[in-house]
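Working notes for the structure below.
The values are calculated or read from the model by the stated rules, or taken from the named source; none is laboratory data. The model shown is predicted, which means the values in this text are computed figures rather than measured ones. Please note: Cβ atoms are built from the backbone with ideal geometry, for glycine as well, and neighbour counts cover all protein chains shown.
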């Protein structure tokens, strides 16, 4: 009883004390409103403040690579990712003499080489993609690339006979994977993982980076984009194959999903001889640069290595076959045609926006 | 019994009267604070906007090292920037309007094919020379190519 009375007394005393300080309730209301207003502005402003973002650009894998991370661990994440990238490049690059692929290319049935787990797995994948695309993507294209001189200072149209000879050795079945991570190639066969390695490296880097406390990951491996964000939307542009430094369409990617956007086209790496343009993506059956109405193929998905291999394959087939192939494989893709049409998988409806001068036609 | 009585008593006392109204003084305080905020925020937006439109810098790097970084407005007349290294040479055209790679010793000439660089986000990369030429803006949005997208697949 006593305590209840005391409490009651106390409460009334308190409220009496407070009263004079805000004699009219209107005034406290005014303060309340103004403070709400100020705080809401402060929150809006703090939203504009940039989070810790770290970006690093390096020349590696025969291209220009930019790694960008945002979030608490950004500095550490970018550093570790670039270290890992250089390690993988050293294994996969055919041009580096002591790389595992260079060693594989000088192996034979009698002297197979032992590969690291990564390289062995990537070779397995490359062979699988080659099989699935009926050899349209083929990791053994290296001898043809050498004949044409791509990747060197001396790009030229080679002798037809030489091509016919070299194209016989373009066959992924001539790469043999043995037990215990050992492998060898048949005589005259050379492996170049250029069509799949960048996609694969992107996947591995993304896997590693997802372990860090980050809000955004954006990897640009020479035009192969791997992206992830915790919440907000990202917009990825697809380069126009006709005019440089402009886009043919944009793709908006929703939060919290790893997404790779990979484009293959011959609009950058090409040379002109006697008025004819020769691109760097080869038709694996003829040994000549692929020449169809498709200017570029963009594949969107979670698996970068697969996207990398398939975009190369789709680029070399006839446009209608490319559509059929994309459907059969369940690929989300954008085929950029030379008449200004973008053929877009209907599964991408609502996510792709065409830029001026381009029109979208959905297919399924 | 006493307890519940007491509580209901105090709560009726604390509740403000229903028909209160702003006095002119209250309205003045609210108005003044809102106005101050509006002026500050408006000023910030205008400040950002002005900077966004104006500052375009050209940044030339070789192997990650910055060779040149200049506000395009400083090029009162066009000039050519020459890079000589053991990898080869390049000539870059610079003016207040645009930047482009005029000549490069590389074989593929991808950098020359990039054409004219005019807006923040535009860039040309020469792999053999390890040279990157970029247009960047002075404000924080510089990373966005063309200011519209986060990255470009090519």
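Given the structure, is residue A:154 more than 22 Å from residue A:312 (Cβ to Cβ) and either touching a helix residue (DSSP H, G or I) at 6+ places or on another chain (Cβ under 9 Å) or touching a residue at least 60 places away in the same chain (Cβ under 8 Å) (or both)? In short, no. Scanning region A:194-229 for residues that are within 16 Å of the chain's Cα centre (by Cα) and more than 14 Å from chain B (Cβ to nearest Cβ) turns up A:195, A:196, A:197, A:200, A:201, A:203, A:204, A:205, A:207, A:208, A:209, A:210.
Summed over region A:115-165, residues that are part of a loop (DSSP other than H, G, I, E, B) and within 14 Å of another protein chain (Cβ to nearest Cβ) total 8. Only residues that are part of a strand (DSSP E or B) and either facing chain B (nearest Cβ under 9 Å) or closer than 24 Å to residue B:98 by Cβ (or both) were counted across region A:230-251, and they come to 10.
I'd like to verify a number: residues in region A:252-276 that are part of a strand (DSSP E or B) and under 13 Å from the mean Cα position of the chain (by Cα), how many? Full working, then the answer.
Here is the first cut: in region A:252-276, the ones part of a strand (DSSP E or B) are A:252-253, A:259-265, A:270-273, A:276.
Imposing the further condition that a residue be under 13 Å from the mean Cα position of the chain (by Cα) reduces the set to A:253, A:259-264.
Final tally of qualifying residues: 7.
For region A:254-265, name all the residues that are more than 7 Å from chain B (Cβ to nearest Cβ) and either crowded, with 23+ Cβ neighbours inside 10 Å or in contact (Cβ under 8 Å) with a residue 60 or more places away in the chain (or both). Answer for region A:254-265, where residues must be more than 7 Å from chain B (Cβ to nearest Cβ) and either crowded, with 23+ Cβ neighbours inside 10 Å or in contact (Cβ under 8 Å) with a residue 60 or more places away in the chain (or both): A:260, A:264, A:265.
So if I check each of B:149, B:136, which one is modelled with pLDDT under 90, part of a loop (DSSP other than H, G, I, E, B), touching a strand residue (DSSP E or B) at 6+ places or on another chain (Cβ under 6 Å) and within 23 Å of residue A:235 (Cβ to Cβ)?
Values: B:136 fails: part of a loop (DSSP other than H, G, I, E, B).
Among B:149, B:136, only B:149 is modelled with pLDDT under 90, part of a loop (DSSP other than H, G, I, E, B), touching a strand residue (DSSP E or B) at 6+ places or on another chain (Cβ under 6 Å) and within 23 Å of residue A:235 (Cβ to Cβ).
Counting only residues that are farther than 17 Å from residue A:135 by Cα and under 21 Å from the mean Cα position of the chain (by Cα), how many does region A:328-345 have? Give the steps one after another, and end with the answer.
Just the residues of region A:328-345 that are farther than 17 Å from residue A:135 by Cα, to begin with: A:330-345.
Within this subset, residues satisfying the condition of being under 21 Å from the mean Cα position of the chain (by Cα) are A:330-336, A:342-345.
Final tally of qualifying residues: 11.
Looking only at region A:285-301, residues that are assigned to a strand (DSSP E or B) and more than 20 Å from the chain's Cα centre (by Cα) come to 2 in all.
Restricting attention to region A:216-229, the residues that are outside any strand (DSSP E or B) and farther than 14 Å from residue B:149 by Cα add up to 1.
Filtering region A:275-297 to residues that are farther than 25 Å from residue A:165 by Cβ and out of contact with any helix residue (DSSP H, G or I) (no Cβ under 7 Å at 6 or more places or on another chain) leaves A:275, A:295, A:296.
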